[in-house]
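Just below is one structure, and these are the notes that go with it.
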Amino acid sequence: MRCEEARNLLSGYFDGELPSEVAASITEHLSGCADCRQDVKSMQELSDLASHLSEPSLSDTLWDKLATKLDSTG
């Protein structure tokens with residue numbers, strides 16, 4: 001597998017969404033490609049950072065304004 005093809009599939013690979021034979025091909029590619037391994041490492045680092053983010057809290061006033069706006073467009 002070439003880097004271009006692998007890179008197009010890395011997100012699905014990272015998320016575990018690919019068929020096993022495709023994932024195996026990417027795993028094989030990663031064993032010999034430092035650039036693509038770095039891409040997967042970056043995805044993992046981003047995922048780790050995102051998992052530590054707190055969910056923003058919104059005031060009831062903002063929710064009311066949003067609901068009003070949505071009601072007026074529907």
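The values are calculated or read from the model by the stated rules, or taken from the named source; none is laboratory data. Just so it is clear, the model here is predicted, and its values are computed rather than measured. Reconstructed Cβ throughout: ideal geometry from the backbone, glycine too, with neighbour counts over all protein chains shown. Surface areas here come from the heavy atoms of the whole protein model, side chains and all, with no ligands, DNA or RNA. Shrake-Rupley method; radii C 1.70, N 1.55, O 1.52, S 1.80 Å.
Using 7 Å Cα-to-Cβ label points, what is the residue 55/residue 22 separation (nm, one decimal)?
About 3.1 nm, to one decimal.
What figure, in Å² to the nearest 10, do you get for the accessible area of residue 52 with a 1.4 Å probe and non-protein molecules left out?
Around 150 Å² of this residue is reachable by solvent.
Could you tally the net charge around residue 58, taking each other residue with its Cβ under 15 Å from the Cβ of residue 58, Lys/Arg +1 and Asp/Glu -1?
Here the charged neighbours net out to -1.
So which DSSP H runs in the chain come out at 30 Å plus along the axis (Cα) with average Kyte-Doolittle of at least 0.5?
Once both thresholds are applied, nothing remains.
Go through (1) 12.3; (2) 14.1; (3) 15.3 and flag the label whose value is the computed Kirkwood radius over Cα pairs in Å for this structure.
(3)
Treating only the Cβ of Lys, Arg, Asp and Glu as charged (+1, +1, -1, -1), what charge dipole size does the stretch 3-59 show about its Cα centre? Round to the nearest 20 debye. Working shown, then result.
Numbers: 3 positive and 11 negative charges, 27 e Å.
In debye, rounded to 20, the stretch 3-59 gives about 120.
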